[in-house]
Amino acid sequence: MNKIFTSLVFLIISGVIVLGLALPIPNIPALGDKARVLYFHVPMSWISVLAFFMSMWYSIRYLKTKDHDYDIRSYSCAQLGFLFCILATATGSLWAKFSWGSFWNWDPRQTSIFILLLIYGAYFALRSAIDSEDQRAKLSSVYAIIAAVTVPFFVFIMPRIVESLHPDPIINTQGKINMDSSMLTVFISALTGFTMLYLWMLNLKIRVEKINYNKLSINE
Amino acid sequence: MLLKNSYLVFKKDLSSELRTRYVINSLLMFVLVTISIIRFAIGDERADNEILTGLLWIAVFFTSVSGLSRTFVKEEEKETSVALKLSTGSDSVILGKLIFNMVLTFSLNALILLLFVIITDYQIKNLPGFLIVLVFGNLGLVSASTIIAAIISKANSKGTLYPVLSFPVLLPLLITVINATKLASLGVETDKLFGEIQILISYFIVVTVASLMLFKYVWED
(Lines give C-alpha, C1' and ligand atoms only; values in the text may rest on other atoms or scores of the structure.)
Protein backbone atom coordinates (compact mmCIF):
# COMPACT_ATOMS: atom_id res chain seq x y z
CA MET A 1 0.00 0.00 0.00
CA ASN A 2 2.71 2.40 1.05
CA LYS A 3 4.75 1.55 -2.05
CA ILE A 4 1.80 2.24 -4.35
CA PHE A 5 1.16 5.56 -2.61
CA THR A 6 4.81 6.60 -2.86
CA SER A 7 5.10 5.76 -6.55
CA LEU A 8 1.81 7.55 -7.24
CA VAL A 9 3.13 10.70 -5.53
CA PHE A 10 6.34 10.41 -7.55
CA LEU A 11 4.46 9.98 -10.84
CA ILE A 12 2.03 12.85 -10.27
CA ILE A 13 4.70 15.30 -9.16
CA SER A 14 7.04 14.47 -12.05
CA GLY A 15 4.09 14.81 -14.44
CA VAL A 16 3.16 18.17 -12.94
CA ILE A 17 6.72 19.47 -13.19
CA VAL A 18 7.14 18.38 -16.82
CA LEU A 19 3.68 19.41 -18.01
CA GLY A 20 3.67 22.59 -15.95
CA LEU A 21 6.84 23.77 -17.67
CA ALA A 22 6.23 22.34 -21.14
CA LEU A 23 2.52 22.69 -21.82
CA PRO A 24 1.60 25.84 -23.76
CA ILE A 25 -0.19 28.44 -21.71
CA PRO A 26 -3.22 30.31 -23.07
CA ASN A 27 -2.77 34.01 -23.53
CA ILE A 28 -3.63 35.66 -20.23
CA PRO A 29 -3.34 39.44 -20.23
CA ALA A 30 -0.44 40.74 -18.09
CA LEU A 31 0.49 37.26 -16.87
CA GLY A 32 1.52 35.09 -19.83
CA ASP A 33 4.13 32.48 -19.02
CA LYS A 34 4.47 33.85 -15.51
CA ALA A 35 1.15 32.12 -14.75
CA ARG A 36 3.06 28.82 -14.54
CA VAL A 37 4.00 29.63 -10.95
CA LEU A 38 0.38 28.82 -10.16
CA TYR A 39 1.13 25.08 -10.37
CA PHE A 40 3.66 25.34 -7.55
CA HIS A 41 2.79 28.41 -5.52
CA VAL A 42 -0.89 27.71 -4.91
CA PRO A 43 -0.36 24.11 -3.67
CA MET A 44 2.40 25.34 -1.30
CA SER A 45 0.16 28.05 0.16
CA TRP A 46 -2.75 25.66 0.44
CA ILE A 47 -0.62 23.12 2.31
CA SER A 48 0.82 25.72 4.68
CA VAL A 49 -2.72 26.74 5.68
CA LEU A 50 -3.92 23.12 5.79
CA ALA A 51 -0.99 22.15 8.05
CA PHE A 52 -1.72 25.11 10.30
CA PHE A 53 -5.32 24.06 10.87
CA MET A 54 -4.36 20.38 11.19
CA SER A 55 -1.91 21.42 13.87
CA MET A 56 -4.70 23.27 15.65
CA TRP A 57 -6.99 20.26 15.34
CA TYR A 58 -4.41 17.94 16.89
CA SER A 59 -3.81 20.54 19.63
CA ILE A 60 -7.50 20.41 20.53
CA ARG A 61 -7.38 16.61 20.51
CA TYR A 62 -4.32 16.73 22.77
CA LEU A 63 -5.96 19.02 25.32
CA LYS A 64 -9.03 16.77 25.36
CA THR A 65 -7.26 13.44 25.71
CA LYS A 66 -3.80 14.33 27.12
CA ASP A 67 -2.46 11.65 24.76
CA HIS A 68 1.11 12.53 23.79
CA ASP A 69 0.60 11.05 20.36
CA TYR A 70 -1.50 14.08 19.37
CA ASP A 71 1.15 16.52 20.51
CA ILE A 72 3.69 14.76 18.30
CA ARG A 73 1.25 14.99 15.40
CA SER A 74 0.56 18.66 16.04
CA TYR A 75 4.28 19.44 16.19
CA SER A 76 4.99 17.48 12.99
CA CYS A 77 2.21 19.32 11.14
CA ALA A 78 3.64 22.64 12.27
CA GLN A 79 7.15 21.74 11.14
CA LEU A 80 6.02 20.69 7.66
CA GLY A 81 3.67 23.66 7.48
CA PHE A 82 6.59 25.96 8.19
CA LEU A 83 8.60 24.37 5.39
CA PHE A 84 5.76 24.77 2.89
CA CYS A 85 5.09 28.28 4.14
CA ILE A 86 8.70 29.26 3.34
CA LEU A 87 8.35 27.68 -0.11
CA ALA A 88 5.09 29.54 -0.75
CA THR A 89 6.67 32.82 0.33
CA ALA A 90 9.70 32.22 -1.89
CA THR A 91 7.73 31.25 -5.01
CA GLY A 92 5.27 34.10 -4.47
CA SER A 93 8.07 36.56 -3.95
CA LEU A 94 9.87 35.45 -7.13
CA TRP A 95 6.66 35.85 -9.08
CA ALA A 96 6.07 39.28 -7.52
CA LYS A 97 9.51 40.42 -8.67
CA PHE A 98 8.62 39.78 -12.30
CA SER A 99 4.98 40.87 -12.17
CA TRP A 100 4.92 43.72 -9.67
CA GLY A 101 8.56 44.77 -9.92
CA SER A 102 9.73 44.05 -6.38
CA PHE A 103 10.22 40.98 -4.26
CA TRP A 104 8.27 42.36 -1.34
CA ASN A 105 5.79 45.21 -1.29
CA TRP A 106 3.43 44.38 1.61
CA ASP A 107 0.53 43.36 -0.54
CA PRO A 108 -2.26 42.05 1.76
CA ARG A 109 -1.51 38.47 0.65
CA GLN A 110 2.16 38.95 1.44
CA THR A 111 1.27 40.38 4.83
CA SER A 112 -0.94 37.39 5.65
CA ILE A 113 1.72 34.85 4.72
CA PHE A 114 4.19 36.87 6.76
CA ILE A 115 1.88 36.52 9.79
CA LEU A 116 1.67 32.79 9.19
CA LEU A 117 5.49 32.60 9.17
CA LEU A 118 5.62 34.64 12.39
CA ILE A 119 3.08 32.39 14.10
CA TYR A 120 5.02 29.26 13.14
CA GLY A 121 8.22 30.92 14.37
CA ALA A 122 6.63 31.94 17.67
CA TYR A 123 5.26 28.41 18.13
CA PHE A 124 8.74 26.89 17.75
CA ALA A 125 10.26 29.56 20.02
CA LEU A 126 7.70 28.70 22.69
CA ARG A 127 8.34 24.97 22.36
CA SER A 128 12.08 25.37 22.75
CA ALA A 129 11.66 27.55 25.86
CA ILE A 130 9.86 24.89 27.94
CA ASP A 131 11.75 21.97 29.46
CA SER A 132 9.02 19.71 30.80
CA GLU A 133 7.39 17.49 28.16
CA ASP A 134 3.85 17.83 29.48
CA GLN A 135 4.03 21.57 29.98
CA ARG A 136 5.46 22.01 26.50
CA ALA A 137 2.70 20.00 24.92
CA LYS A 138 -0.02 21.79 26.88
CA LEU A 139 1.19 25.35 26.44
CA SER A 140 2.06 25.04 22.76
CA SER A 141 -1.37 23.50 22.13
CA VAL A 142 -3.04 26.46 23.81
CA TYR A 143 -0.92 28.87 21.79
CA ALA A 144 -1.71 27.09 18.53
CA ILE A 145 -5.44 27.40 19.23
CA ILE A 146 -5.23 31.07 20.24
CA ALA A 147 -3.26 31.83 17.08
CA ALA A 148 -5.72 29.89 14.93
CA VAL A 149 -8.76 31.83 16.16
CA THR A 150 -7.12 35.16 15.28
CA VAL A 151 -5.90 34.18 11.79
CA PRO A 152 -9.37 34.30 10.13
CA PHE A 153 -9.54 38.01 10.96
CA PHE A 154 -7.06 38.58 8.17
CA VAL A 155 -9.48 37.29 5.61
CA PHE A 156 -11.94 39.99 6.60
CA ILE A 157 -9.61 42.81 7.61
CA MET A 158 -6.97 43.01 4.95
CA PRO A 159 -9.27 43.69 1.95
CA ARG A 160 -10.88 46.53 3.91
CA ILE A 161 -7.59 48.33 4.42
CA VAL A 162 -5.70 47.91 1.13
CA GLU A 163 -6.65 46.66 -2.31
CA SER A 164 -4.77 43.50 -3.19
CA LEU A 165 -3.11 43.09 -6.57
CA HIS A 166 -2.98 39.33 -6.11
CA PRO A 167 -4.66 37.47 -9.00
CA ASP A 168 -7.51 35.32 -7.82
CA PRO A 169 -8.43 32.56 -10.22
CA ILE A 170 -9.49 30.27 -7.36
CA ILE A 171 -10.85 32.41 -4.57
CA ASN A 172 -12.80 35.16 -6.27
CA THR A 173 -16.08 36.90 -5.69
CA GLN A 174 -17.93 35.24 -8.58
CA GLY A 175 -17.01 31.75 -7.35
CA LYS A 176 -15.94 30.73 -10.86
CA ILE A 177 -12.70 29.12 -11.94
CA ASN A 178 -11.21 31.09 -14.81
CA MET A 179 -8.89 28.52 -16.33
CA ASP A 180 -8.92 26.58 -19.55
CA SER A 181 -9.24 22.83 -19.37
CA SER A 182 -5.58 21.84 -19.93
CA MET A 183 -4.39 24.30 -17.30
CA LEU A 184 -7.10 23.17 -14.93
CA THR A 185 -6.04 19.52 -15.31
CA VAL A 186 -2.41 20.29 -14.50
CA PHE A 187 -3.45 22.56 -11.66
CA ILE A 188 -5.77 20.00 -10.05
CA SER A 189 -3.10 17.31 -10.35
CA ALA A 190 -0.51 19.66 -8.83
CA LEU A 191 -2.85 20.31 -5.92
CA THR A 192 -3.50 16.59 -5.39
CA GLY A 193 0.14 15.62 -5.94
CA PHE A 194 1.56 18.11 -3.46
CA THR A 195 -1.12 17.35 -0.87
CA MET A 196 -0.28 13.65 -1.19
CA LEU A 197 3.42 14.50 -0.88
CA TYR A 198 2.62 16.45 2.28
CA LEU A 199 0.66 13.55 3.77
CA TRP A 200 3.48 11.15 2.93
CA MET A 201 6.08 13.46 4.52
CA LEU A 202 3.82 13.95 7.53
CA ASN A 203 3.56 10.20 8.03
CA LEU A 204 7.37 9.87 7.96
CA LYS A 205 7.81 12.88 10.25
CA ILE A 206 5.36 11.56 12.84
CA ARG A 207 7.13 8.19 12.88
CA VAL A 208 10.53 9.84 13.34
CA GLU A 209 9.25 12.08 16.12
CA LYS A 210 7.69 9.09 17.86
CA ILE A 211 11.01 7.22 17.78
CA ASN A 212 12.74 10.29 19.20
CA TYR A 213 10.14 10.61 21.94
CA ASN A 214 10.44 6.94 22.92
CA LYS A 215 14.23 7.15 22.91
CA LEU A 216 14.07 10.13 25.27
CA SER A 217 11.78 8.33 27.69
CA ILE A 218 14.05 5.25 27.68
CA ASN A 219 17.10 7.40 28.46
CA GLU A 220 15.29 8.98 31.37
CA MET B 1 -20.05 33.39 42.90
CA LEU B 2 -17.72 33.52 39.88
CA LEU B 3 -17.97 37.30 39.68
CA LYS B 4 -17.41 37.69 43.41
CA ASN B 5 -14.31 35.50 43.29
CA SER B 6 -12.93 37.30 40.26
CA TYR B 7 -13.50 40.59 42.02
CA LEU B 8 -11.56 39.23 45.00
CA VAL B 9 -8.67 38.17 42.74
CA PHE B 10 -8.72 41.66 41.21
CA LYS B 11 -8.76 43.29 44.65
CA LYS B 12 -5.88 41.10 45.82
CA ASP B 13 -3.81 42.07 42.77
CA LEU B 14 -4.67 45.71 43.14
CA SER B 15 -3.83 45.94 46.83
CA SER B 16 -0.60 43.97 46.44
CA GLU B 17 0.28 46.27 43.55
CA LEU B 18 -0.43 49.39 45.59
CA ARG B 19 1.66 48.01 48.45
CA THR B 20 4.72 46.92 46.49
CA ARG B 21 4.55 49.14 43.36
CA TYR B 22 5.87 46.08 41.55
CA VAL B 23 4.71 47.15 38.10
CA ILE B 24 3.52 50.73 38.27
CA ASN B 25 6.80 52.47 39.03
CA SER B 26 8.75 50.79 36.26
CA LEU B 27 5.88 51.24 33.81
CA LEU B 28 5.52 54.93 34.52
CA MET B 29 9.21 55.37 33.87
CA PHE B 30 8.89 53.25 30.73
CA VAL B 31 6.11 55.52 29.42
CA LEU B 32 8.18 58.62 30.16
CA VAL B 33 11.26 57.20 28.46
CA THR B 34 9.31 56.10 25.37
CA ILE B 35 7.56 59.44 25.00
CA SER B 36 10.81 61.36 25.38
CA ILE B 37 12.51 59.16 22.78
CA ILE B 38 9.67 60.01 20.42
CA ARG B 39 10.10 63.69 21.27
CA PHE B 40 13.83 63.61 20.54
CA ALA B 41 13.35 61.57 17.39
CA ILE B 42 10.87 64.06 15.98
CA GLY B 43 12.63 67.16 17.21
CA ASP B 44 10.95 70.43 16.40
CA GLU B 45 9.43 69.18 13.19
CA ARG B 46 5.67 68.97 12.83
CA ALA B 47 4.99 65.35 11.80
CA ASP B 48 1.87 64.19 9.94
CA ASN B 49 -0.96 62.49 11.78
CA GLU B 50 -0.20 59.32 9.84
CA ILE B 51 3.27 59.06 11.34
CA LEU B 52 2.22 60.28 14.78
CA THR B 53 -0.53 57.64 15.06
CA GLY B 54 2.05 54.97 14.30
CA LEU B 55 4.38 56.35 16.96
CA LEU B 56 1.53 56.49 19.48
CA TRP B 57 0.75 52.82 18.88
CA ILE B 58 4.41 51.85 19.17
CA ALA B 59 4.39 53.43 22.62
CA VAL B 60 1.10 51.73 23.57
CA PHE B 61 2.15 48.31 22.24
CA PHE B 62 5.53 48.20 23.95
CA THR B 63 4.16 49.54 27.23
CA SER B 64 1.54 46.81 27.35
CA VAL B 65 4.07 44.18 26.25
CA SER B 66 6.41 45.16 29.06
CA GLY B 67 3.72 45.51 31.71
CA LEU B 68 0.88 43.06 31.18
CA SER B 69 2.91 39.89 31.62
CA ARG B 70 3.80 40.87 35.20
CA THR B 71 0.49 39.72 36.73
CA PHE B 72 1.21 36.08 35.92
CA VAL B 73 5.00 36.17 36.04
CA LYS B 74 4.78 37.62 39.55
CA GLU B 75 2.73 34.65 40.77
CA GLU B 76 5.37 32.24 39.46
CA GLU B 77 8.39 34.21 40.67
CA LYS B 78 7.06 34.77 44.18
CA GLU B 79 5.69 31.22 44.21
CA THR B 80 2.22 32.35 45.19
CA SER B 81 0.51 30.54 42.33
CA VAL B 82 -0.04 27.38 44.39
CA ALA B 83 -1.89 29.34 47.06
CA LEU B 84 -3.99 31.04 44.42
CA LYS B 85 -4.77 27.67 42.83
CA LEU B 86 -5.95 26.34 46.19
CA SER B 87 -8.10 29.36 46.97
CA THR B 88 -10.18 29.69 43.82
CA GLY B 89 -11.04 28.19 40.46
CA SER B 90 -9.26 28.95 37.21
CA ASP B 91 -12.17 30.92 35.71
CA SER B 92 -12.16 33.51 38.46
CA VAL B 93 -8.35 33.82 38.23
CA ILE B 94 -8.38 34.66 34.54
CA LEU B 95 -11.35 37.04 34.93
CA GLY B 96 -9.75 38.81 37.88
CA LYS B 97 -6.43 39.16 36.06
CA LEU B 98 -8.22 40.43 32.96
CA ILE B 99 -9.98 43.12 34.97
CA PHE B 100 -6.71 44.09 36.67
CA ASN B 101 -4.87 44.31 33.35
CA MET B 102 -7.70 46.37 31.89
CA VAL B 103 -7.57 48.89 34.72
CA LEU B 104 -3.79 49.05 34.35
CA THR B 105 -3.88 49.47 30.57
CA PHE B 106 -6.64 52.05 30.54
CA SER B 107 -4.92 54.24 33.10
CA LEU B 108 -1.54 53.90 31.37
CA ASN B 109 -3.04 54.66 27.97
CA ALA B 110 -4.78 57.76 29.30
CA LEU B 111 -1.38 58.92 30.52
CA ILE B 112 0.39 58.02 27.26
CA LEU B 113 -2.23 59.82 25.19
CA LEU B 114 -2.10 62.91 27.40
CA LEU B 115 1.70 63.14 27.33
CA PHE B 116 1.77 62.34 23.62
CA VAL B 117 -0.70 65.10 22.74
CA ILE B 118 1.20 67.63 24.87
CA ILE B 119 4.63 66.75 23.52
CA THR B 120 4.01 66.16 19.82
CA ASP B 121 1.11 68.56 19.20
CA TYR B 122 -1.05 65.68 17.94
CA GLN B 123 -4.35 67.02 16.57
CA ILE B 124 -7.37 64.73 16.98
CA LYS B 125 -10.22 66.07 14.87
CA ASN B 126 -12.84 63.48 15.89
CA LEU B 127 -12.16 62.96 19.59
CA PRO B 128 -15.25 60.85 20.55
CA GLY B 129 -14.63 58.45 17.64
CA PHE B 130 -10.95 58.28 18.51
CA LEU B 131 -11.69 57.40 22.14
CA ILE B 132 -14.27 54.74 21.21
CA VAL B 133 -11.76 53.06 18.88
CA LEU B 134 -9.04 53.33 21.52
CA VAL B 135 -11.24 51.71 24.18
CA PHE B 136 -12.30 48.77 22.02
CA GLY B 137 -8.76 48.34 20.70
CA ASN B 138 -7.45 48.18 24.24
CA LEU B 139 -10.05 45.59 25.26
CA GLY B 140 -8.77 43.23 22.55
CA LEU B 141 -5.15 44.06 23.32
CA VAL B 142 -5.62 43.22 27.00
CA SER B 143 -7.50 39.97 26.49
CA ALA B 144 -4.93 38.61 24.00
CA SER B 145 -1.98 39.78 26.11
CA THR B 146 -3.37 38.25 29.29
CA ILE B 147 -3.71 34.69 28.00
CA ILE B 148 -0.28 34.88 26.39
CA ALA B 149 1.15 36.19 29.67
CA ALA B 150 -0.34 33.10 31.34
CA ILE B 151 1.38 30.89 28.75
CA ILE B 152 4.82 32.47 29.02
CA SER B 153 4.81 32.61 32.83
CA LYS B 154 5.46 28.85 32.70
CA ALA B 155 8.30 29.09 30.16
CA ASN B 156 11.96 30.02 30.44
CA SER B 157 13.25 33.34 29.01
CA LYS B 158 9.94 35.06 29.74
CA GLY B 159 10.95 38.61 28.85
CA THR B 160 12.05 38.01 25.27
CA LEU B 161 9.40 35.44 24.51
CA TYR B 162 6.46 37.70 25.33
CA PRO B 163 6.65 40.14 22.39
CA VAL B 164 7.53 37.26 20.05
CA LEU B 165 4.39 35.34 21.00
CA SER B 166 1.99 38.24 21.28
CA PHE B 167 2.90 40.13 18.10
CA PRO B 168 1.48 37.70 15.50
CA VAL B 169 -1.69 37.21 17.54
CA LEU B 170 -2.14 40.95 18.04
CA LEU B 171 -1.31 42.01 14.50
CA PRO B 172 -4.86 41.80 13.04
CA LEU B 173 -6.03 43.98 15.92
CA LEU B 174 -3.11 46.40 15.63
CA ILE B 175 -3.54 46.93 11.90
CA THR B 176 -7.25 47.67 12.36
CA VAL B 177 -6.86 49.91 15.37
CA ILE B 178 -3.95 51.90 13.90
CA ASN B 179 -5.93 52.49 10.73
CA ALA B 180 -9.09 53.47 12.64
CA THR B 181 -7.34 55.86 15.04
CA LYS B 182 -5.53 57.45 12.09
CA LEU B 183 -8.85 58.01 10.30
CA ALA B 184 -10.47 59.41 13.46
CA SER B 185 -7.57 61.77 14.07
CA LEU B 186 -7.91 63.02 10.50
CA GLY B 187 -11.56 63.83 11.17
CA VAL B 188 -13.51 60.90 9.67
CA GLU B 189 -17.03 60.63 11.13
CA THR B 190 -17.66 57.98 13.80
CA ASP B 191 -20.36 56.16 11.82
CA LYS B 192 -17.86 55.63 8.98
CA LEU B 193 -15.59 53.83 11.46
CA PHE B 194 -18.34 51.37 12.31
CA GLY B 195 -16.76 48.53 10.30
CA GLU B 196 -13.47 48.86 12.14
CA ILE B 197 -15.23 49.03 15.51
CA GLN B 198 -17.13 45.83 14.62
CA ILE B 199 -13.84 44.06 13.89
CA LEU B 200 -12.37 45.26 17.21
CA ILE B 201 -15.41 44.10 19.19
CA SER B 202 -15.52 40.71 17.50
CA TYR B 203 -11.76 40.25 18.05
CA PHE B 204 -12.24 41.02 21.74
CA ILE B 205 -15.13 38.57 22.08
CA VAL B 206 -13.42 35.75 20.15
CA VAL B 207 -10.14 36.02 22.04
CA THR B 208 -11.80 36.40 25.44
CA VAL B 209 -14.02 33.36 24.91
CA ALA B 210 -11.03 31.33 23.69
CA SER B 211 -8.96 32.36 26.70
CA LEU B 212 -11.75 31.55 29.15
CA MET B 213 -12.02 28.09 27.59
CA LEU B 214 -8.28 27.43 27.40
CA PHE B 215 -7.00 29.02 30.59
CA LYS B 216 -7.68 26.00 32.80
CA TYR B 217 -5.24 23.93 30.72
CA VAL B 218 -2.53 26.53 31.28
CA TRP B 219 -3.23 27.12 34.95
CA GLU B 220 -3.84 23.63 36.32
CA ASP B 221 -0.90 21.24 36.45
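For the stretch B:10-36, name all the residues that are aliphatic (A, V, I, L, M), closer than 25 Å to residue B:165 by Cα and more than 16 Å from the chain's Cα centre (by Cα). Result: B:29, B:33, B:35. Pick out the one residue from B:109, B:179 that is facing chain A (nearest Cβ under 8 Å), in a helix (DSSP H, G or I) and closer than 28 Å to residue B:44 by Cα. Result: B:179 is the single residue among B:109, B:179 that is facing chain A (nearest Cβ under 8 Å), in a helix (DSSP H, G or I) and closer than 28 Å to residue B:44 by Cα.
Note on the stretch B:182-221: residues that are assigned to a helix (DSSP H, G or I), touching a residue at least 60 places away in the same chain (Cβ under 8 Å) and of a type in the set (Asp, Glu) amount to 1. Look at the stretch A:117-136: where a residue is at the interface with another protein chain (Cβ under 8 Å from one of its Cβ atoms) and a partner is among the basic types (Lys, Arg) and in a helix (DSSP H, G or I), sitting 6+ places away or on another chain with Cβ atoms under 8 Å, you get A:130/A:136. Name every residue in the stretch A:83-113 that is at pLDDT 90 or above and either of a type in the set (S, T, N, Q) or under 19 Å from residue B:169 (Cβ atoms) (or both), in order of residue number. Residues satisfying the conditions are A:85, A:89, A:91, A:93.
Selection of first residues in the stretch A:86-98 that are exposed (fewer than 15 other Cβ atoms within 10 Å of the Cβ) and of second residues that are part of a helix (DSSP H, G or I) and among the basic types (Lys, Arg), restricted to Cβ pairs under 8 Å at least 6 apart or on distinct chains, gives the following pairs, ordered by first then second residue: A:98/A:34.
Quick check on residue A:47: is it part of a helix (DSSP H, G or I), at pLDDT 90 or above and in contact with a helix residue (DSSP H, G or I) (Cβ under 9 Å, 6 or more places away or on another chain)? When the stated conditions are applied, residue A:47 passes them. With the structure loaded, tell me whether residue A:190 is modelled with pLDDT of 85 or more, assigned to a helix (DSSP H, G or I) and within 14 Å of chain B (Cβ to nearest Cβ) or whether it fails that test. No; evaluated as a whole, the condition is false for this residue.
Taking the numbered list (1) farther than 21 Å from residue B:214 by Cβ; (2) at the interface with another protein chain (Cβ under 10 Å from one of its Cβ atoms); (3) surrounded by fewer than 24 Cβ atoms within 10 Å (Cβ to Cβ) in turn, residue B:154 passes all entries but (1). Test residue B:67 against the stated conditions and say whether it is at pLDDT below 85 and crowded, with 18+ Cβ neighbours inside 10 Å. Taking the combined requirement at face value, the residue satisfies it.
Of everything listed in (1) facing chain B (nearest Cβ under 10 Å); (2) of a type in the set (Val, Ile, Thr); (3) closer than 24 Å to residue A:44 by Cβ, the single unmet condition for residue A:89 is (1).
Out of everything in the stretch B:157-168 that is under 19 Å from residue A:153 (Cα atoms) and either buried (at least 24 other Cβ atoms within 10 Å of the Cβ) or of a type in the set (Lys, Arg) (or both), what residue ends up being nearest to the other protein chains (Cβ to nearest Cβ)?
Result: B:165.
The values are calculated or read from the model by the stated rules, or taken from the named source; none is laboratory data. The structure displayed is predicted, hence computed values, not measured ones. A quick note on method: Cβ atoms are made from the backbone with ideal geometry, for glycine too, and the neighbour counts reach across all protein chains shown.
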